[in-house]
Every structure is written in C-alpha cells, then in structure tokens.
Amino acid sequence: MNHRHLLPDEIDQLLDGEVGFGVAPLQAHLNECGQCRAAYEEERAVVEALEHLPRLAPSQDFAGRVMAQVQIYEPWHVAARDATLARIRALAPRSRPVRLALGGAALSMAALVSVAAVWLIGHADATLFFAGLVRTTFVRGLATTGAVVVQALLGRSATQALGENTTAVIVASLSLYIVVFLAAAFALRAAAVSRRRRA
C-alpha cells in the first residue's frame, strides 16, 4: 500500500476514467485504502448529482439586456456620425425597385460627371477661363456678403473702416464663418453627449 493518501487531482483522474502509466498505482491504492475509497465515493456522488441537474440556458435577449445597461464611452463625433447614418437609413427607400432606380440614377450621374470631366480636360483653355470667372465671382460675392455680415455684426463704422480693402473684408468674414462653424460643431457635440446620456 502507498504510504500517502490520494490527492484531489488524483481522485479526479480516477473519476474521469483516465488511463495511462500512473493510473494503475492510484487504482491499486484506492482498492486497499478505505479512507481514499470513501473520498472517491463521495466525489463520485457529487459528480453524478451535477450530471443530473437540469441544463439551464439564458434567454435569447439576455446579452442584449445586459449590454443595454453597460455604460460605454462613445466619442461625440461617433455619436454624431451614428445619428446621421440612422437618419440617412430612415430616408432610404425600403423597396428593391426604388433602390435599383436610385442606383441607376446615381450611376448615370457619375457617368455624366466623368464625361464632363473628360471634356473639361480636353478643353483646358475654356476650363481655365471659366475657373477664373467663377473665382472672381466667388471672391466678389464673398466680399459682398462679408461686408454685409461685418456691418450686421459690427456696425456701419466697421465696414467704413475696412473701406474698399477686399482682403480685409474677406478675412473678417472668413473669421466670422469659422466662429459660426465652431459654434455649430460644439452644439452638435452637446447634442450627441445629451443623446448618449439619455440612452
């Protein structure tokens, strides 16, 4: 008989029905030692009781309910992007024929734009002329609207102080546009944060 009793992992090997070189001495000790045999029988009863327990499984929406309660940090730009994509998906048509028609229309527009780009590249002189015309018109329009914005925000005296300096008017109006853009971005961020907190 072995001079020591079986360890718990050795009893587990016997319960699992493992075979191998080291299992035979363990089995021989179990046959000779009443104390180890009692421990073995006790653990075997526990294993059999566990095997007869009913198999339980969580409901199918368990993971969804758990994850709905988990607070996950979501950056404001991700929340704004997700909200925008959700609105776009809500506007997308549901029926397949309408989607195919819109896809065909988009492909037609892409082909038309490609043909126009090839024509413009082939007629570079006309393209440069019209580009210069558009740039001049844009700069004049920006200066005019900039002067109106500066006058509305800062008064007639500020517009007169700037005078006919088109560059100063454009810089002032662009600065005001940037301020408005940043204010809109912060407003979007605040809306995304409040949406995330409500969710």
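For Gly34, state whether it is exposed (fewer than 10 other Cβ atoms within 10 Å of the Cβ) and either under 30 Å from Arg195 (Cα atoms) or not assigned by TED's automatic domain parsing to the domain that holds Arg189 (or both). The answer is yes for Gly34. Return a yes/no flag: does region 13-20 have any residue that is part of a helix (DSSP H, G or I), out of contact with any Lys or Arg (no Cβ under 7 Å at 6 or more places or on another chain) and not assigned by TED's automatic domain parsing to the domain that holds Arg197. Within region 13-20 (the criterion being part of a helix (DSSP H, G or I), out of contact with any Lys or Arg (no Cβ under 7 Å at 6 or more places or on another chain) and not assigned by TED's automatic domain parsing to the domain that holds Arg197), the answer is yes, since at least one residue qualifies. In region 118-145, the residues that are without any contact (Cβ under 8 Å) to a residue 12 or more places away in the chain reach residues that are in a helix (DSSP H, G or I) and surrounded by fewer than 11 Cβ atoms within 10 Å (Cβ to Cβ) with C-beta atoms within less than 8 angstrom, at least six apart or across chains, in these pairs: Thr127/Ile121.
Those helices (runs of 4 or more DSSP H) of region 33-109 in which at least 3 residues are under 30 Å from Leu188 (Cα atoms), considering only elements entirely within it, cover 62-69, 76-91.
The values are calculated or read from the model by the stated rules, or taken from the named source; none is laboratory data. Bear in mind the structure is a predicted one, so any value in this text is a computation, not a measurement. Methodologically, a virtual Cβ is constructed for each residue, glycine included, from the backbone with ideal geometry; neighbour enumeration extends over all protein chains shown.
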